[in-house]
Structures are given as C-alpha cells and as structure tokens.
1. Along the Cα→Cβ direction, 7 angstrom out, place labels at Ile22 and His40. What is the inter-label distance in nm?
2. Compute the length gained on full extension between Val47 and Asp13: take 0.36 nm times their separation in residues and subtract their Cα-Cα distance, giving the result in nm to one decimal.
Amino acid sequence: MSDHGHHSSPGGDIRSRLHDCIHHLEHVLPSQASIRDFVHHNTLHGVQHLPFPEALATTSRLTGAAAWL
C-alpha cells in the first residue's frame, strides 16, 4: 500500500507509520496558527475567576471595549 510515496505492509510498525505521517504533515501544516493581534499581557487577569463569557461582558461594561468581533 502506498502512503505519500512510502510503502508499508498491514502488519507494519505503527510507530514508524505515525512518525512518517507526522514528518510529512510538518511540511504541509503551518507550525503555528495565524495571529490576528499580538497580546503580551492577559488583559482579563482581573476577571479570570469568572466564566469566560461573563469575564468578557464585565470587561466590556467596565472599559467600553468590544469583547467580540
């Protein structure tokens, strides 16, 4: 069976196949997701004890900043 140019048998070493697949994906997938904005500080640190949607609503109410795109 051919897998991106590699031949393997049904009883082949699964670790070796996984290593080959991951190695191939390293060349196909980006190493990091896109970053729209750089954030160097957790701006929600003062409300991190709240559930995330509530923390955003509280921060938006206090600062006037739009919490959602």
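Values in this text are rule-based calculations from the coordinates and carry no lab data. Keep in mind that this is a model prediction, so the values were computed, not measured. Counting neighbours? That spans all protein chains shown, and the Cβs are built from the backbone with ideal geometry, glycine included.
1. 3.3 nm
2. Values: separation 34, 0.36 × 34 = 12.24 nm, distance 4.91 nm.
Gain on stretching Val47 to Asp13: 7.3 nm.
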